[in-house]
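Structure, as structure tokens:
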Amino acid sequence: MTIGSFSMNTLHVVYFSSPSENTHRFVEKLHASATRIPFDGTQHVRVNHDYVLICPTYSGGGKSAQGTLDTRGAVPKQVIQFLNDEHNRALCRAVIGSGNTNFGDSFAISGAIIAQKLGIPMAYQFELSGTREDVARVQKLIDGEVELPACAVPSATHSHENER
């Protein structure tokens, strides 16, 4: 699979999971090498190969005083810290967002925010710990079996049709 000028063949997975372990349970279902960004934020993680980032959405939701979508805190601070390392940021090839559809327009918004900031595709989004279909689709992505547009960055106010 080609995204921009690089090939996505069996990408490594880097992910963050909160104590709920939803994202961790999802990643465990994948047949992929994976690195977890620690929850406590005390350890510095550095990757040395291309990867896809799987990130849950925190906070956010509702409208700000200006009437726009409130995205404050949507990207976990541990993920921000990981991506603040220019070396790690340069190796990120796509992002997959997760979240809870109960939060409406804020569903999986962390993925859209990261994709927009890094100029990379938001490859997929799933709810909570995902369905079998979600796992199968992401597996095809990391195995390089599906193609994506050069940079499919959704707007920060996208909507999601629940696939359950």
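Looking only at residues that are in a helix (DSSP H, G or I) and among the β-branched types (Val, Ile, Thr) in segment 84-118, which one is surrounded by the fewest Cβ atoms within 10 Å (Cβ to Cβ)?
THR101
Would you say THR23 is modelled with pLDDT under 95, outside any loop (DSSP other than H, G, I, E, B) and over 22 Å from GLY119 (Cα atoms)?
Values: modelled with pLDDT under 95: yes; outside any loop (DSSP other than H, G, I, E, B): yes; over 22 Å from GLY119 (Cα atoms): yes.
Taking the combined requirement at face value, the residue satisfies it.
Can you find, within segment 89-108, the residue that is nearest to HIS44 (Cα to Cα) among those that are touching a Phe, Trp or Tyr at 6+ places or on another chain (Cβ under 8 Å), free of Cβ contacts under 8 Å to residues at least 60 places away in the same chain and not small (Gly, Ala, Ser)? Among those residues, the one meeting the criterion is LEU91. Reported count of residues in segment 119-132, each being in contact with a strand residue (DSSP E or B) (Cβ under 9 Å, 6 or more places away or on another chain) and either in a loop (DSSP other than H, G, I, E, B) or surrounded by fewer than 18 Cβ atoms within 10 Å (Cβ to Cβ) (or both), is 5. Look at segment 27-56: where a residue is on the phi > 0 side of the Ramachandran plot and a partner is polar (S, T, N, Q) and not in a strand (DSSP E or B), sitting 6+ places away or on another chain with Cβ atoms under 9 Å, you get GLY41/GLN78; GLY41/GLN81.
Only residues that are within 23 Å of ALA90 (Cβ to Cβ) and charged (D, E, K, R) were counted in segment 26-51, giving 3. Consider segment 47-79 and keep the residues that are in a strand (DSSP E or B) and at pLDDT below 90. The one that is farthest from ALA34 (Cα to Cα) is LYS63.
Entry remark, segment 97-116: residues being touching a helix residue (DSSP H, G or I) at 6+ places or on another chain (Cβ under 6 Å) and among the aliphatic types (A, V, I, L, M) number 0 in total.
The values are calculated or read from the model by the stated rules, or taken from the named source; none is laboratory data. Since this is a predicted model, take the numbers as computed values, not measurements. Glycine also receives a Cβ, built like all others from the backbone with ideal geometry; neighbour counts cover every protein chain displayed.
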